[in-house]
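Structure first, commentary second.
The values are calculated or read from the model by the stated rules, or taken from the named source; none is laboratory data. Keep in mind that this is a model prediction, so the values were computed, not measured. Glycine also receives a Cβ, built like all others from the backbone with ideal geometry; neighbour counts cover every protein chain displayed. Heavy atoms of the whole protein, side chains included, go into the accessibility calculation; ligands, DNA and RNA do not. Shrake-Rupley method; radii C 1.70, N 1.55, O 1.52, S 1.80 Å.
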Amino acid sequence: MPNLRDLHVRHHKIHLIRPLLGPRLQHLYIFVSSRKYKPTLEFWHRISVHMILRSLPTTCPSLESFDFRLSCYLSSRPRHWNATLALPVSYAIQNLQKLRRVKVPVITNDALTHLGGLSSFTSIKTRLPTGSDLEDILDSSYDPILFKNFDSVDWKIKKWRDVEVFTRLWPHKLTSVSLRSQVEFDPSLLQEFFLSLHTREAFKNLQQIHLRESCFDDLPTDTAITIDTIRPLFYLSHLRVVEIDTMSFFSIGEDDLEEIGGAWPNLEVLYLNMTNGYMCTQLRVSLPGIVRFVEKYPGLKKLCIGATISSVADDYDLETASLYALEPRDSDSRLEFLMMKYPRDEGHIWSTYSSRLDILFTKLFPRLQPDTDVLHPDEY
């Protein structure tokens, strides 16, 4: 199909895509998944993947975005997949001259350097090179143009030292930084990382920061992230999106939320432990506190916060007739998504008022997306 410009291929049918590749293809997404193959079948599947990757420079010379992903099962087998993918993935990347965005599990130093020299390239998602490799890449070249056009990096990290080298040596300004960590986000290390961001010119114009931590079985229950941990980020006044998802406790109260809003007046998205972590049971934000916050900062579109609904029946008239008669709040607020993570011991309140609270939320936040489940129990 010589005129095809956008191609998405999922699952284990990659060996069928070669006839679909062509000189006008600009966007290619490949997701390789697998059941537990027999060794012989898995071997031939890898061979197919490698052949496709090595053919890309000649079959798809106009490729601008390349997104290549492995399923969890395959990516957990680095000996069989990640380690052997580095060379064919990097070969393809080094021989494609029009790339703008790349998402790959692994990449060689030479391929990363090649992307850093492309005038068109802006965004990468891959494993963060080791600290020593980063020093070789960034210290030895002394090329003022290298990585100049990057505006977004998304790194999967294995060691905090590698992050320290990245923040110390990265040469040019970024607007978005994402870290997907295989090591625990210790609050003290997070604080040091945040401090290093605001002292380096490369990060002073950051608009987005995403921090995601893998799950750990032996999480210490007394590990907490507080307003003091994230306060160094307040120097980055251009932030619009802040997402911090850890296995630690988040301890943020109403005064803290007010401080956050004052530090980041352009904030559009604030997600705190949306997926994995927990919220402190002693320090949470009430529903009226959330209403005041979104009213004061109407640009906020999405919010996930630790909340309490213990006083909701005192704060609002929850009679069904009264709720239906209540006029939607006249507000400039652009809030379209809200997740309130409430303590498990308040589950009886949710059980009693769930349907009426759904009505209340549509009145308080009239721009919420339809069928938004606002209340989520904190699993801890």
Tell me, what is the 1.4 Å probe accessible area of residue 158, in Å² to the nearest 10? 120
Please go through segment 149-180 and write out the chymotrypsin sites (Phe, Trp or Tyr not before Pro) that DSSP classes as loop and that have at most 16 other C-beta atoms within 10 Å. none
With no solvent and one point on each alpha carbon, what is the Debye value of log10 I(q)/I(0) for the chain at q = 0.07, 0.09, 0.13 Å⁻¹? -0.40, -0.64, -1.12
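Could you give the length gained on full extension between residue 50 and residue 292, defined as 0.36 nm per residue of separation minus the Cα-Cα distance, in nm?
81.6 nm
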Plugging the Cβ-Cβ distance of residue 228 and residue 329 into 1/(1 + (r/R0)^6) at R0 = 41 Å yields, to the nearest 0.05, a FRET efficiency of 0.80
Rounded to whole Å², per residue accessible area for segment 114-228 with a 1.4 Å probe reads 45
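From the square roots a ≥ b ≥ c of the eigenvalues of the alpha-carbon gyration tensor of segment 182-330, which class results: rounded (a/c under 1.5), prolate (a/b over b/c), or oblate?
Details: a/c = 2.53, a/b = 1.49, b/c = 1.70.
Here segment 182-330 falls in the oblate category.
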Could you calculate the contour length gain from residue 352 to residue 122, that is, 0.36 nm times the residue separation minus the distance between their Cα atoms, to one decimal place in nm? 77.7 nm
Using the Karplus curve 6.51 cos²θ - 1.76 cosθ + 1.60 with θ = phi - 60°, work out ³J(HN,Hα) for each residue of segment 330-341 in order, rounded to whole Hz, and write x for Gly and Pro. 7, 8, 8, 4, 9, 4, 10, 9, 9, 10, 10, 8
Of the heavy-atom accessible surface of the chain (probe 1.4 angstrom), what whole percent is carbon and sulfur? 51
Local charge sum around residue 62 (other residues, Cβ-Cβ under 9 Å, Lys/Arg +1, Asp/Glu -1)? +2
To the nearest 500 deg cm²/dmol, what mean residue ellipticity at 222 nm is calculated for the chain from DSSP H runs of n ≥ 4 alone, each contributing -39,500 (n - 2.57), summed and divided by the residues? -10000 deg cm²/dmol
Against the longest principal axis of the chain, how steep is helix 131-140, in degrees 0 to 90 to the nearest 10, with axes from Cα atoms? 60
Quick check: the distance between the Cα centres of segment 148-196 and segment 289-359, to the nearest angstrom? 35
So for segment 253-380, using the alpha carbon gyration tensor with a ≥ b ≥ c as root eigenvalues (a/c under 1.5 gives rounded; past that, a/b versus b/c decides prolate or oblate), I'd call it oblate
